[in-house]
1. So, of the residues in segment 76-111 that are away from ligand 2 (no atom under 13 Å from the Cβ) and small (G, A, S), which turns out to be farthest from A51 (Cα to Cα)?
2. With (1) part of a loop (DSSP other than H, G, I, E, B); (2) within 21 Å of L9 (Cβ to Cβ); (3) touching an Asp or Glu at 6+ places or on another chain (Cβ under 8 Å) as the list, and P106 as the residue in question, which single condition is left unmet?
3. Name the one entry in A51, A69, A99, A29 that is in the same structural domain as D126 (by TED's automatic domain parsing), at pLDDT 95 or above and buried (at least 19 other Cβ atoms within 10 Å of the Cβ).
4. Report the residue count in segment 123-155 for those that are assigned to a loop (DSSP other than H, G, I, E, B), surrounded by fewer than 20 Cβ atoms within 10 Å (Cβ to Cβ) and either touching a Lys or Arg at 6+ places or on another chain (Cβ under 9 Å) or not basic (K, R) (or both).
5. Going by the conditions given, is L116 closer than 16 Å to A147 by Cβ and either assigned by TED's automatic domain parsing to the domain that holds R143 or in a strand (DSSP E or B) (or both)?
6. In segment 54-63, which residues are buried (at least 20 other Cβ atoms within 10 Å of the Cβ) and not in a strand (DSSP E or B)?
7. Looking for whichever is buried (at least 19 other Cβ atoms within 10 Å of the Cβ) and either at pLDDT 95 or above or part of a strand (DSSP E or B) (or both) here; the options are I94, I18. Which one fits?
8. Quick check on segment 70-84. Is at least one of its residues within 12 Å of ligand 1 (Cβ to nearest atom) and either touching a residue at least 40 places away in the same chain (Cβ under 8 Å) or out of contact with any helix residue (DSSP H, G or I) (no Cβ under 9 Å at 6 or more places or on another chain) (or both)?
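The values are calculated or read from the model by the stated rules, or taken from the named source; none is laboratory data. Treat the numbers as computed from the prediction; the structure is a model and nothing was measured. Neighbour counts run over all protein chains shown; Cβ positions are idealised from the backbone, glycine included.
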Amino acid sequence: MAQEKIVTLRVNGKEVKIIAPAHRTLLEALRHEGFVEIKCGCEKGDCGACAVLLDGNPVDSCLTLAWHAEGCEVTTIKGLGNTDNPDPLQKAFIETGGAQCGYCTPGMIISARALLNDNPNPSLADIKQGLGGNLCRCTGYTRIFEAVELAAREIRRERQET
Ligand code: FES
Ligand code: FES
């Protein structure tokens, strides 16, 4: 019987081993290991709910094969911050009401984080483009865009103070 392929990667700074047969997606493998903060939506690359950072780049984990992540660093929404020390985006989504049912929020914030890492002063058009792969059924997007603008201002202010 063929041995199952085991892949070692890091998730939010900690080493994790996942079972990665050829067809298994990173979304399936990581949720199986308990990383259920990565949301499972369409499973075909349409909604962005499953977005994670893979070595700093945003990817849809439903379109990424698990074995492809060997040796990589995966960042999920929980790796960005927590209740005691939230990422500015997490704070801003709460303040503006950018999270309602919240199902899209982990992927939305991951995509927004990637955008702000590249461009800390995005225009509204930049934000719309950066979040173009993330669908939300609840908010009408306006509050999400406000949240990203608010977080961007906060990040720029923090940088000026340091
Ligand atoms: S679940 Fe991956 S894009 Fe929808
Ligand atoms: S807040 Fe419900 S899908 Fe976006």
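1. It comes out as A92.
2. Answer for P106: the failing condition is (1).
3. Working: A51 fails: in the same structural domain as D126 (by TED's automatic domain parsing); A69 fails: in the same structural domain as D126 (by TED's automatic domain parsing); A29 fails: in the same structural domain as D126 (by TED's automatic domain parsing).
The unique qualifying residue is A99.
4. Initially, segment 123-155 is screened for residues assigned to a loop (DSSP other than H, G, I, E, B), giving 123, 131-141.
Okay, now just the ones that are also surrounded by fewer than 20 Cβ atoms within 10 Å (Cβ to Cβ), so 123, 132-133, 135, 137-138, 140-141.
Okay, now just the ones that are also either touching a Lys or Arg at 6+ places or on another chain (Cβ under 9 Å) or not basic (K, R) (or both), so 123, 132-133, 135, 138, 140-141.
So the count comes out to 7.
5. So L116 passes the test.
6. Residues satisfying the conditions are S61, C62.
7. On the way: I94 fails: buried (at least 19 other Cβ atoms within 10 Å of the Cβ).
Testing whether each residue is buried (at least 19 other Cβ atoms within 10 Å of the Cβ) and either at pLDDT 95 or above or part of a strand (DSSP E or B) (or both) leaves just I18.
8. Here is the first cut: in segment 70-84, the ones within 12 Å of ligand 1 (Cβ to nearest atom) are none.
No.
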